[in-house]
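Worksheet: the structure to be examined is printed underneath.
The values are calculated or read from the model by the stated rules, or taken from the named source; none is laboratory data. The structure presented is a predicted model; accordingly, all values stated were derived computationally and were not measured. Just the protein is used for accessible areas: all its heavy atoms, side chains included, with ligands, DNA and RNA removed. Shrake-Rupley method; radii C 1.70, N 1.55, O 1.52, S 1.80 Å.
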Amino acid sequence: VAGYEIHMGQSASDSASAPFSVEERSRTPSEDLDGCVSADGDVLGTYIHGLFHNEGLRRAILSELAARKGLPLQLGGQVVSKEEQYDRLAALVRANLDMDLVYAIAGLERKK
């Protein structure tokens with residue numbers, strides 16, 4: 001992206017338009033700017049790990065996207081853990097792939 005320098009695990013901007021201000025890194029005070037937003041605001045990127053674990057921020061971003069599209073925000077009532085989501089994904093993969101072939105390609109023995 002024009003105007004940005006990329007470093008391992010950190011973006012540095014030559015402008016104040018970065019979407020995030022990092023106040024602390026590894027328990028050390030910081031004044032770093034992080035991330036990048038496309039000109040139309042539809043694409044957002046950052047190196048901040050776990051950003052979407054924050055429910056308030058997640059809802060704010062989803063609310064903004066829904067408003068832009070003129071749609072009501074419909075949030076599910078049940079919060080599902082990451083482990084439950086991984087289990088659901090694994091079940092979906094097992095149901096839709098030839099797992100014997102996957103194991104054979106990987107050179108693994110499948111335990112049934």
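Structure notes:
- Restricted to Cα atoms, segment 28-93 shows a radius of gyration and a Dmax of 15.5, 44 angstrom.
- The portion of the accessible surface of segment 62-112 made up by carbon and sulfur, rounded to a whole percent, is 56 (1.4 Å probe; DNA, RNA and ligands excluded).
- Using θ = phi - 60° in the Karplus curve 6.51 cos²θ - 1.76 cosθ + 1.60, the 3J(HN,Hα) couplings for segment 55-69 round to 4, x, 5, 4, 5, 4, 5, 5, 4, 5, 5, 5, 4, 4, 8 Hz; x is entered for Gly and Pro.
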